[in-house]
Amino acid sequence: MTNYLKKYSSSTFSSLKIRNYRLYFIGQSISLSGTWMQTIGQAWLVLKLTNSGTALGLVTALQFLPVLFLGAMGGVIADRLSKRKILFFTQTASGILALILGILVATNVVQLWMIYILAASLGFINAIDNPTRRTFILEMVGNKELRNAITLFSTVFNLSRVIGPAIAGGIIAGFGLASCFLINAASYLAVLVCLFLMRKKELYVVEPVKRAKGQLREGIKYVYNTPLLRNVLLMMAIIGTLTYEFQVNLPLIAKFTFKGGAEYFAFLNSAMGIGAVIGGLATASRKRTTARGLIKTAFGFGAAIVIASLSPSFHFALFAMFLVGIFSIMFTSQGDTILQLESAPNMRSRVVALWSVAFLGSTPIGGPIIGLIGEYASPRWSLATSGIAAIIAGIFGLITLWNYSSKKSSEQIPQPAPVIEQDKEP
């Protein structure tokens with residue numbers, strides 16, 4: 001039994017043996033908890049100001065609209081420049097925006113239009129930050145540990161979904177909404193310190209792509225002509241548009257279906273996060289990722305959300321969101337891994353940027369739709385719509401990807417040698 005646990009632990013956390021990734025993991029663990037505190041605080045602030053599901057959907061849409069239009073260009077930038085330096089800039093800017101919102105709330109001058117502007121500004125930063133952050137993982141761990149590192153990163157993202165909302169619920173009750181934003185602003189310092197402490201000589205740096213005309217078009221054409229990449233991205237576009245609208249669905253369910261306060265919203269997020277952590281640890285120990293596995297988890301994801309929409313009580317809803325979390329991380333980590341391992345190295349950031357467009361950039365389309373359904377039908381119907389969308393994505397994958405056989409795997413791709421970055425320290 002002891003040997004089994006040692007073997008399981010070794011395979012599950014193998015990428016954390018790499019110093020640079022371990023630093024990154026620690027920094028993100030702290031910062032992402034702050035991010036989820038802000039997510040809870042911002043959603044509750046909008047509902048406090050407007051009592052409107054439509055307004056909540058619009059704020060969410062504005063936050064992700066820049067990713068829809070500029071996310072692909074963010075991938076081009078990530079391919080051209082030092083990813084580590086880009087992250088110094090984007091993480092600092094995100095912290096400043098959180099600080100501004102915290103000050104506005106603390107001084108009682110915040111208005112809805114201010115939240116709109118700050119949400120859109122964060123979206124512009126995320127258009128560059130998201131593809132950079134994801135592809136930087138490969139430069140820290142190399143191909144051999146990529147799958148494990150991606151899954152652990154997704155796990156810590158969802159662990160923060162547990163910690164952040166749990167802290168936010170108590171912070172809002174005891175100290176007010178402003179504290180959520182101010183703590184999030186401070187949490188970005190952890191990422192900056194960890195980035196600074198990394199050893200550049202141990203990075204597996206991909207040679208930057210030289211600036212040239214048509215690189216964005218080239219990336220889109222590459223994905224279109226690669227059936228596996230194209231169809232995985234289309235699955236993500238369906239799910240990203242209507243399924244991953246939890247920032248809209250969960251506050252509405254908490255407030256209008258179960259008649260609860262901010263703590264109900266936090267509990268639902270935490271239940272989903274706990275499920276995601278367990279699902280992530282189970283996924284991290286596996287050695288292979290397949291298209292069939294992605295399809296199966298899409299069906300499971302959709303079914304779990306539909307069950308959540310039918311919950312007869314708040315406690316049953318918590319259990320259902322626990323299941324949603326398990327399938328959520330399985331789907332996203334498998335999809336992300338397939339795209340990164342199947343992409344040509346000089347195209348990887350552009351492919352991952354399109355993943356960001358499909359996953360995050362589609363939110364401006366789905367957010368207002370889900371908000372309208374939640375406000376004028378009911379939150380149960382809006383959540384059920386999200387679940388049905390995931391099932392439709394699974395059907396699409398079943399038709400287009402079930403018989404696909406990957407020519408690559410993490411075991412077959414050679415490990416690159418570390419390359420010393422030539423750029424100066426920031």
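Being farther than 18 Å from ASN269 by Cα and either without any contact (Cβ under 8 Å) to a residue 40 or more places away in the chain or not small (Gly, Ala, Ser) (or both) narrows it down to one residue among ILE338, ILE305; which is it?
ILE338
Evaluate the following for ILE77: is it under 20 Å from the mean Cα position of the chain (by Cα), surrounded by fewer than 21 Cβ atoms within 10 Å (Cβ to Cβ) and either outside any helix (DSSP H, G or I) or at pLDDT 90 or above (or both)?
It is false that ILE77 is under 20 Å from the mean Cα position of the chain (by Cα), surrounded by fewer than 21 Cβ atoms within 10 Å (Cβ to Cβ) and either outside any helix (DSSP H, G or I) or at pLDDT 90 or above (or both).
Consider ALA55 carefully, then state whether it is buried (at least 23 other Cβ atoms within 10 Å of the Cβ) and assigned to a helix (DSSP H, G or I).
It is false that ALA55 is buried (at least 23 other Cβ atoms within 10 Å of the Cβ) and assigned to a helix (DSSP H, G or I).
Sort out which residues of region 308-317 are touching a Gly at 6+ places or on another chain (Cβ under 8 Å) and not small (Gly, Ala, Ser), and write them in order of number.
The one that is touching a Gly at 6+ places or on another chain (Cβ under 8 Å) and not small (Gly, Ala, Ser): PHE314.
When you go through (1) within 16 Å of the chain's Cα centre (by Cα); (2) more than 20 Å from SER382 (Cβ to Cβ); (3) buried (at least 24 other Cβ atoms within 10 Å of the Cβ) one by one for GLY219, which number turns out not to apply?
So GLY219 meets the others, but not (1).
Out of all the residues in region 220-255, which are free of Cβ contacts under 8 Å to residues at least 24 places away in the same chain and more than 20 Å from GLN63 (Cβ to Cβ)?
Listed by number, the residues that qualify are LYS221, TYR224, ASN225, ARG230.
In region 132-177, which residue that is closer than 15 Å to THR332 by Cα and hydroxyl-bearing (Ser, Thr, Tyr) is surrounded by the fewest Cβ atoms within 10 Å (Cβ to Cβ)?
Out of the qualifying residues, it is THR135.
Say whether the condition of being of a type in the set (Phe, Trp, Tyr), surrounded by 22 or more Cβ atoms within 10 Å (Cβ to Cβ) and touching a residue at least 60 places away in the same chain (Cβ under 8 Å) is met by at least one residue in region 311-330.
no
Provide a single number: the residues in region 344-395 that are touching a residue at least 24 places away in the same chain (Cβ under 8 Å), part of a helix (DSSP H, G or I) and more than 23 Å from VAL248 (Cβ to Cβ).
Here the count works out to 10.
ASN51 passes all but one of (1) modelled with pLDDT of 80 or more; (2) within 23 Å of the chain's Cα centre (by Cα); which number fails?
So ASN51 meets the others, but not (2).
How many residues does region 136-158 contain that are within 17 Å of TYR188 (Cα to Cα) and in contact with a Leu (Cβ under 9 Å, 6 or more places away or on another chain)?
Adding up the residues that qualify gives 2.
Are any residues in region 123-155 of a type in the set (Lys, Arg) and within 14 Å of the chain's Cα centre (by Cα), and if so, which ones?
Passing the criteria: ARG133, ARG134.
Pick from region 225-264 the residues that are hydroxyl-bearing (Ser, Thr, Tyr) and either modelled with pLDDT of 90 or more or closer than 21 Å to MET330 by Cα (or both): which of them is surrounded by the most Cβ atoms within 10 Å (Cβ to Cβ)?
THR243
If you scan region 98-124, which residues turn out to be closer than 30 Å to GLU139 by Cβ and free of Cβ contacts under 8 Å to residues at least 60 places away in the same chain?
Selection gives ALA120, SER121, LEU122, PHE124.
Would you mind telling me which numbered condition in (1) closer than 22 Å to LEU56 by Cα; (2) in a helix (DSSP H, G or I) ASN108 fails?
Against the list (1) closer than 22 Å to LEU56 by Cα; (2) in a helix (DSSP H, G or I), ASN108 comes up short only on (2).
Need the failing condition index for ALA276 against (1) modelled with pLDDT of 90 or more; (2) under 19 Å from the mean Cα position of the chain (by Cα); (3) crowded, with 24+ Cβ neighbours inside 10 Å, just the number.
Exception for ALA276: condition (1).
Taking PHE256, is it of a type in the set (Phe, Trp, Tyr), closer than 23 Å to VAL306 by Cα and in contact with a Leu (Cβ under 9 Å, 6 or more places away or on another chain)?
no
In region 131-160, how many residues are part of a helix (DSSP H, G or I) and either out of contact with any helix residue (DSSP H, G or I) (no Cβ under 7 Å at 6 or more places or on another chain) or acidic (Asp, Glu) (or both)?
1
Residues to consider are ILE171, ILE163, ILE167; find the one that is part of a helix (DSSP H, G or I) and more than 21 Å from the chain's Cα centre (by Cα).
Only one candidate passes the filter, namely ILE171.
The values are calculated or read from the model by the stated rules, or taken from the named source; none is laboratory data. On a predicted model such as this, the values are computed, not experimentally measured, just so you know. Cβ sites come from the backbone with ideal geometry, for glycine too, and all protein chains shown count toward neighbours.
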